[in-house]
Amino acid sequence: MDSVHLHLILNHLPMVGILVAIGIYAAGWLRGSAEFQRLALGLLLSFGLATIPVYLTGGAAEHVVRRLPDVSKTLIEAHEKAAGAAFVAVEILAGFSLLGMVLYRKSAAIAKPFTAGLLALAFAATGLFGWTGYLGGQIRHPEIRGGSPVIGSLHAEGPRGSRKSDD
């Protein structure tokens with residue numbers, strides 16, 4: 001396994017994990033369960049920590065991918081810039097989650113303003129993470145790029161990529 005493979009494997013964990021943690025937090029908030037909310041805070045902190053190796057393996061992956069044919073330096077740079085913003089957002093979310101764990105460790109309820117702030121941060125971080133993933137996917141997946149000749153050829157081939165024949 002090389003740095004590219006490791007980066008691709010690791011990057012899915014925090015993205016999906018943060019979404020699951022948001023769901024658990026929202027369920028706890030709707031049910032009035034501070035325990036569920038605290039569980040979600042711990043998960044958000046954990047996934048924030050899991051984002052560190054994702055970010056750190058990105059540079060090594062870039063050095064490998066940059067040498068491959070048909071790889072756009074512009075796409076790599078856009079992904080890298082988005083990754084920096086997403087990383088900062090996720091780490092702020094993790095820090096805010098840690099703050100919540102400390103402030104509300106023994107509380108029967110978590111304050112509504114804290115919940116609103118946490119969810120706003122979580123959705124912003126998730127959006128940035130999603131955008132980063134989208135840009136990263138474009139580096140080696142031309143089929144998701146707008147106006148791609150691959151997409152045009154798929155439409156010409158019909159369903160499941162099989163060309164219609166006159167046989």
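The values are calculated or read from the model by the stated rules, or taken from the named source; none is laboratory data. As the structure is a computational prediction, the values presented were derived from the model and not from experiment. Every residue, glycine among them, receives a Cβ derived from its backbone with ideal geometry; neighbour counts consider all protein chains shown.
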Hits in the stretch 59-86 - residues which are in contact with an Asp or Glu (Cβ under 9 Å, 6 or more places away or on another chain) and over 12 Å from Gly133 (Cα atoms): Gly59, Ala60, Ala61, Glu62, Val64
Residue in the stretch 108-126 that is farther than 20 Å from Ala27 by Cα and among the β-branched types (Val, Ile, Thr) present: no
Checklist (1) over 17 Å from Tyr55 (Cα atoms); (2) of a type in the set (A, V, I, L, M, F, W, C); (3) free of Cβ contacts under 8 Å to residues at least 60 places away in the same chain applied to Phe87, failing item: (1)
Single condition Val65 does not satisfy, out of (1) within 18 Å of the chain's Cα centre (by Cα); (2) buried (at least 16 other Cβ atoms within 10 Å of the Cβ); (3) modelled with pLDDT under 95; (4) not basic (Lys, Arg): (1)
Unmet requirement for Gly58, which otherwise passes all of (1) surrounded by 14 or more Cβ atoms within 10 Å (Cβ to Cβ); (2) farther than 23 Å from Pro142 by Cα: (2)
Glu35 acidic (Asp, Glu), in a helix (DSSP H, G or I) and within 17 Å of Gly133 (Cα to Cα): no
Filter result for the condition that a residue is under 17 Å from the mean Cα position of the chain (by Cα) and at negative phi, over Gly117, Gly17, Gly42, Gly100: Gly17
Residues of the stretch 11-29 classified as farther than 28 Å from His79 by Cβ and not in a helix (DSSP H, G or I), total: 0
